[in-house]
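Report on the structure given below.
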Amino acid sequence: MKTEWYKKAIVYQIYPFSYCDANNDGWGDIEGIISKLDYIRELGATAIWFSPLYQSPDKDYGYDISDYRAIDEKFGSMADFERLLNECHKRDLKVIMDMVVNHTSTDHPWFKAAMSSPDSPYRDYYIIRKGRRKRGKLLPPTNWVSSFTGSAWARIENTDEYYLHLFCKEQADLNWDNPRVRQEIVDILNFWLEKGVDGFRFDVFNVSSKVHPLKDDKGLFNFLKGEKYFVDGPHMHEYLRELNEKALSHFDSYTVGESYHPSPENAREYVRAENRELDTIFNFAHLDADNALGLKFIPKRFDLKQFKRGLFAPQLAHHGEGWNTLVLENHDTPRSVSRFSINTRKFRYEASTMLATLTFLGFGIPFIYMGQEIGMTNSRFRHMDELKDPVSHFVYDLLTAHFMPKNLAFRMVRFGARDHARVPMQWDDSTNAGFNHGAKPWQCMNPNYREINVKKDLDSDRSIYRYYQKLLSIKKNHPAAIYGRVDEYAHDDRRIVAYSREYEGNRLFVVGNFSKRPVQYRLPGWTKYAETLLENYGGFSAESGTVTLRPYEAAVLEVKR
Ligand code: GLC
């Protein structure tokens with residue numbers, strides 16, 4: 001029976017490598033996570049999404065899985081995981097597992113079996129094609145590019161054949177058109193559901209169904225080559241319904257799909273409740289408001305109107321039909337407070353709280369990325385060696401191969417690097433920020449941890465964590481903040497974000513100044529007798545009708561029926 005608990009959920013994301021390293025070996029671990037569950041619970045979270053904990057050779061740090069039924073040793077054992085699950089449930093925290101099944105690691109036994117013999121039944125678990133000969137040269141089967149740069153095909157040694165990999169070459173795409181592959185996935189889902197996990201986050205789910213026969217993409221942009229043949233592919237909806245029928249619907253589970261450039265029409269279908277595909281997907285369009293062409297390494301001047309369009313479009317499209325999610329950060333993005341032209345030295349508290357207020361009171365489930373609740377910022381990486389993410393290196397190599405000066409390439413990589421989110425969590429001002437007891441962390445610390453850490457935040461009278469607590473309590477306790485219809489105000493304004501949520505006659509009004517200068521704003525008349533539920537400066541009053549919002553000021557008002 002589906003209880004729809006997820007509609008009221010507040011999800012906290014943990015990237016296990018970097019949360020807390022209890023055994024002091026440089027890698028975060030399950031024991032460390034268990035020691036922080038009260039901290040997460042007290043923040044107001046009701047669920048945790050764990051980035052992959054499974055066995056992995058870590059070519060893409062956990063997103064290349066070599067055994068879907070094993071916990072990676074560096075994080076702990078299966079017994080540790082079961083304890084974690086139990087400790088979460090004791091605290092009413094649901095557990096959402098990452099599920100990376102567009103591809104497996106090339107270390108996975110299926111892939112190894114596929115490579116061991118041309119007659120192996122496992123060959124058809126993957127997408128393997130003969131290369132093409134042109135003027136005596138062997139070329140990949142199509143011109144598709146990997147989303148991590150370069151050809152999406154890797155040659156199989158000593159043969160004329162290639163396997164498809166839309167990400168790293170160590171992440172071989174599974175052939176979802178093979179019913180045995182889909183059955184394997186069903187079995188894996190059931191394995192974890194039977195253990196008691198409460199849901200899944202499906203990694204890049206909407207690239208799993210490809211258009212056959214595979215062919216060249218004649219499109220103009222090299223970086224998009226192939227997308228039209230694998231994004232929202234022909235059987236995607238059908239395959240999701242199958243997973244539902246055979247696994248998900250037998251449990252009170254929740255799903256969120258990490259979509260990859262879905263069309264708005266497909267996005268709607270994925271989450272339309274009656275379709276029984278996914279409960280929600282992530283929408284990231286607003287996070288492209290400070291980069292060009294959706295390429296996160298190419299900075300552009302922040303465009304608040306674009307941000308608002310991206311943020312509100314899915315809220316309006318999915319309301320009444322399905323559910324939505326609200327995201328500012330994850331393990332693939334730089335820190336939100338360091339983006340959008342924000343000066344973190346001056347306005348870190350104001351901007352962190354403003355961003356959370358404007359985003360999380362919208363229609364959908366807030367997803368908070370570890371450290372966001374204390375306003376962690378981007379790191380000051382000094383050279384490429386400090387970046388561990390392979391993608392940072394692929395992009396750097398690509399840029400410098402095309403004659404870009406090294407320092408410019410480095411600056412571009414640093415602008416969009418996923419590494420910013422992956423430095424260890426900053427707990428206090430002791431060695432390695434309390435992440436561990438002194439062993440060299442797998443990824444270097446952000447040097448600002450003496451200034452920005454949990455302990456210092458909690459001791460401060462401008463605690464971002466405590467602001468989040470109040471904000472999340474509004475989200476949970478006001479049905480309008482969960483179910484209410486969204487009406488956007490100030491739509492064309494380049495500095496103000498404002499909207500109302502209305503449910504059964506109760507109304508919330510959320511307003512914020514998304515700029516570093518004071519801005520005058522005329523409140524809608526109906527807010528005149530509103531009560532101020534939350535504000536990040538103090539002294540906010542709706543009474544006079546027109547307010548001067550200070551830099552990054554935000555407020556939440558309530559009008560009762
Ligand atoms: C998703 C993950 C990312 C990973 C990629 C390939 O985008 O969030 O971290 O690299 O998929 O699995």
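The values are calculated or read from the model by the stated rules, or taken from the named source; none is laboratory data. Here the structure is a predicted model, which is why all the values come from computation and not from measurement. Here the Cβ positions follow ideal geometry from the backbone for every residue, glycine too, while neighbour counts run over all protein chains shown. Note: areas computed on protein heavy atoms with side chains; ligands, DNA, RNA excluded. Shrake-Rupley method; radii C 1.70, N 1.55, O 1.52, S 1.80 Å.
Keeping to region 155-169, report how many residues are assigned to a strand (DSSP E or B) and of a type outside the set (Lys, Arg). Residues meeting the conditions: 4. Within the option set PRO118, PRO141, being closer than 26 Å to ASP216 by Cβ, touching a Phe, Trp or Tyr at 6+ places or on another chain (Cβ under 7 Å) and away from the ligand (no atom under 16 Å from the Cβ) holds for one residue only, PRO141.
Every residue, every condition in (1) at pLDDT below 95; (2) of a type outside the set (D, E, K, R); (3) under 27 Å from SER500 (Cα atoms), yes or no:
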{"residue": "MET236", "(1), (2), (3)": "no, yes, no"}
{"residue": "ASP252", "(1), (2), (3)": "no, no, no"}
{"residue": "PHE282", "(1), (2), (3)": "no, yes, yes"}
{"residue": "ALA289", "(1), (2), (3)": "no, yes, yes"}
{"residue": "PRO299", "(1), (2), (3)": "no, yes, no"}
{"residue": "HIS318", "(1), (2), (3)": "no, yes, yes"}
{"residue": "ASN324", "(1), (2), (3)": "no, yes, yes"}
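Across region 140-157, the number of residues qualifying as in contact with a strand residue (DSSP E or B) (Cβ under 6 Å, 6 or more places away or on another chain) and open to solvent by 50 Å² or more (accessible area, probe 1.4 Å) comes to 1.
For (1) at positive phi; (2) open to solvent by 30 Å² or more (accessible area, probe 1.4 Å); (3) within 16 Å of the ligand (Cβ to nearest atom), each residue gets a yes or a no:
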residue: ASP38; (1), (2), (3): no, yes, no
residue: ALA47; (1), (2), (3): no, no, no
residue: GLN55; (1), (2), (3): no, yes, yes
residue: GLY62; (1), (2), (3): yes, no, yes
residue: ILE71; (1), (2), (3): no, no, no
residue: MET78; (1), (2), (3): no, yes, no
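Tell me yes or no: at least one residue of region 361-376 is at pLDDT 95 or above and open to solvent by 50 Å² or more (accessible area, probe 1.4 Å). No: zero hits.
Applying a threshold of 9 Å to beta carbon distances and a minimum spacing of six or more residues, or different chains, the list of pairs starting in region 144-156 at a residue that is on the phi > 0 side of the Ramachandran plot and ending at one that is within 15 Å of the ligand (Cβ to nearest atom) and open to solvent by less than 40 Å² (accessible area, probe 1.4 Å) reads THR149/VAL391; THR149/VAL395. Given the structure, is SER473 surrounded by fewer than 20 Cβ atoms within 10 Å (Cβ to Cβ), in contact (Cβ under 8 Å) with a residue 12 or more places away in the chain and assigned to a helix (DSSP H, G or I)? It is true that SER473 is surrounded by fewer than 20 Cβ atoms within 10 Å (Cβ to Cβ), in contact (Cβ under 8 Å) with a residue 12 or more places away in the chain and assigned to a helix (DSSP H, G or I).
Can you pull out the residues in region 1-56 that are within 23 Å of THR333 (Cα to Cα) and over 22 Å from the mean Cα position of the chain (by Cα)? Correct list: ASP21, GLY26.
Only residues that are basic (Lys, Arg) and over 21 Å from ASP389 (Cβ atoms): list them for region 438-455, please. Result: ARG450, LYS455.
Please pick out the residue among ALA480, ALA433 that is in contact with a helix residue (DSSP H, G or I) (Cβ under 6 Å, 6 or more places away or on another chain) and either modelled with pLDDT under 95 or in a helix (DSSP H, G or I) (or both).
Values: ALA480 fails: in contact with a helix residue (DSSP H, G or I) (Cβ under 6 Å, 6 or more places away or on another chain).
Only one candidate passes the filter, namely ALA433.
Tallying residues that are more than 25 Å from the chain's Cα centre (by Cα) and surrounded by 15 or more Cβ atoms within 10 Å (Cβ to Cβ) within region 81-95 yields 1.
Please specify each residue of region 506-537 satisfying the condition of being in a loop (DSSP other than H, G, I, E, B), among the polar types (S, T, N, Q) and closer than 11 Å to ILE496 by Cβ. Hit for region 506-537 is SER515, nothing else. Listed conditions (1) free of Cβ contacts under 8 Å to residues at least 60 places away in the same chain; (2) open to solvent by less than 10 Å² (accessible area, probe 1.4 Å); (3) within 16 Å of the ligand (Cβ to nearest atom); (4) of a type outside the set (Phe, Trp, Tyr) are all met by LEU355, apart from (3). Scanning region 103-117 for residues that are in a loop (DSSP other than H, G, I, E, B) and either touching a residue at least 40 places away in the same chain (Cβ under 8 Å) or acidic (Asp, Glu) (or both) yields THR106, ASP107, HIS108. Summed over region 386-403, residues that are surrounded by 15 or more Cβ atoms within 10 Å (Cβ to Cβ), of a type outside the set (Asp, Glu) and away from the ligand (no atom under 16 Å from the Cβ) total 4.
Annotation note: Cβ proximity below 7 Å between a residue of region 45-72 that is over 17 Å from VAL391 (Cα atoms) and outside the structural domain of CYS168 (by TED's automatic domain parsing) and a residue that is open to solvent by 20 Å² or more (accessible area, probe 1.4 Å) and within 14 Å of the ligand (Cβ to nearest atom) (sequence gap 6+ or interchain) occurs for SER66/PRO57.
Among the residues of region 519-561, write down those that are of a type in the set (Gly, Ala, Ser) and either touching a strand residue (DSSP E or B) at 6+ places or on another chain (Cβ under 6 Å) or farther than 24 Å from LEU472 by Cα (or both).
Of the residues in region 519-561, the ones of a type in the set (Gly, Ala, Ser) are 525, 530, 538-539, 541-542, 544-545, 554-555.
GLY525, ALA530, ALA542, SER544, GLY545, ALA554, ALA555 - these are the residues of region 519-561 that are of a type in the set (Gly, Ala, Ser) and either touching a strand residue (DSSP E or B) at 6+ places or on another chain (Cβ under 6 Å) or farther than 24 Å from LEU472 by Cα (or both).
Of the residues ASP124, ASP98, which single one is open to solvent by 30 Å² or more (accessible area, probe 1.4 Å) and either closer than 24 Å to HIS235 by Cβ or touching a strand residue (DSSP E or B) at 6+ places or on another chain (Cβ under 9 Å) (or both)?
None of the others qualify; the one that does is ASP124.
Collect the residues in region 188-206 that are over 16 Å from ASN244 (Cα atoms) and in a helix (DSSP H, G or I), keeping them in residue-number order. Matches in region 188-206: LYS195 only. Scanning region 165-174 for any residue that is modelled with pLDDT of 95 or more and away from the ligand (no atom under 16 Å from the Cβ) turns up nothing.
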